[in-house]
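Take a look at the structure below.
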Amino acid sequence: MKKLSFLERLTGSAALDQETDVLDEEHEFGEDDDVEINHYDDESEFHGQEETGDEPQEGELPVDMYHTGDAVVIRALVAGVSPDDLDIAITRDMVTIKGIREEYQEATDEDYYHRELFWGSFSRTLILPEEVLIDEADAQEKHGLLEIRLPKVDKDRSTRLKVKTRVAK
């Protein structure tokens, strides 16, 4: 019986199926035991956390998102990724960040003592808590930290229109 670590349960990095027992003999049942695992019948879908097909798994980019008085700010660590290899798509209420981190393998798989770094493609889609001005968005990368500043739509801003008279011909 294999007991999954907190990180494995949180990220779903360990393969689960219906027959896998993740509890050990010392486990005490409690409120945190309610776990929902979705199993699909279609072969093209996921069965629990197990991936079908030969496509490499895409990683999810961890981010911080906060707001200032006039902007929503998103930060993500993208060390090892060229700014040219980042694709950022913005709508008024959503941001998608995609990229790929190429592996520079200096040793064979058998020569590694420990491996934790993520290599390959990654993406993250975030629903924004407020509408933003997409034309005024700015993205900068410095020392592997990507920072996206999205100015908020000023909902209190108003303007007055002067009504013009059209002359009939």
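Looking at 132, 81, 95, can you tell me which residue is among the aliphatic types (A, V, I, L, M) and either modelled with pLDDT under 90 or at positive phi (or both)?
On the way: 132 fails: either modelled with pLDDT under 90 or at positive phi (or both); 95 fails: either modelled with pLDDT under 90 or at positive phi (or both).
It is 81.
If we scan segment 79-88, do we find a residue that is assigned to a strand (DSSP E or B), without any contact (Cβ under 8 Å) to a residue 40 or more places away in the chain and not β-branched (Val, Ile, Thr)?
Yes, there is a match, as at least one residue in segment 79-88 is assigned to a strand (DSSP E or B), without any contact (Cβ under 8 Å) to a residue 40 or more places away in the chain and not β-branched (Val, Ile, Thr).
Looking at segment 154-166, can you tell me whether even one residue there is surrounded by 15 or more Cβ atoms within 10 Å (Cβ to Cβ) and assigned to a loop (DSSP other than H, G, I, E, B)? Give the derivation first.
Our first condition is that a residue be surrounded by 15 or more Cβ atoms within 10 Å (Cβ to Cβ); within segment 154-166, this holds for none.
No: zero hits.
Condition check: free of Cβ contacts under 8 Å to residues at least 24 places away in the same chain and over 17 Å from the mean Cα position of the chain (by Cα). Does residue 152 satisfy that? Explain how you work it out, then say what you get.
Values: free of Cβ contacts under 8 Å to residues at least 24 places away in the same chain: no; over 17 Å from the mean Cα position of the chain (by Cα): yes.
When the stated conditions are applied, residue 152 does not pass them.
Does residue 120 fit the bill of being touching a Phe, Trp or Tyr at 6+ places or on another chain (Cβ under 8 Å), within 19 Å of residue 58 (Cα to Cα) and surrounded by 12 or more Cβ atoms within 10 Å (Cβ to Cβ)? Explain how you work it out, then say what you get.
Details: touching a Phe, Trp or Tyr at 6+ places or on another chain (Cβ under 8 Å): no; within 19 Å of residue 58 (Cα to Cα): yes; surrounded by 12 or more Cβ atoms within 10 Å (Cβ to Cβ): yes.
Spelling it out, it is not the case that residue 120 is touching a Phe, Trp or Tyr at 6+ places or on another chain (Cβ under 8 Å), within 19 Å of residue 58 (Cα to Cα) and surrounded by 12 or more Cβ atoms within 10 Å (Cβ to Cβ).
Say we look at segment 96-110 and pick out the residues that are out of contact with any strand residue (DSSP E or B) (no Cβ under 9 Å at 6 or more places or on another chain) and under 30 Å from residue 139 (Cβ atoms); which of these is surrounded by the most Cβ atoms within 10 Å (Cβ to Cβ)?
Restricting attention to segment 96-110, the residues satisfying the condition of being out of contact with any strand residue (DSSP E or B) (no Cβ under 9 Å at 6 or more places or on another chain) are 104-110.
From the residues that got through so far, the ones that are under 30 Å from residue 139 (Cβ atoms) too are 104-105.
Working: 104: 7, 105: 10.
By that ranking, first place goes to 105.
The values are calculated or read from the model by the stated rules, or taken from the named source; none is laboratory data. Please read all numbers here as calculations on a predicted model, not as lab measurements. Because the Cβ atoms are built from the backbone with ideal geometry, glycine has one as well, and the counts that use them run over all protein chains shown.
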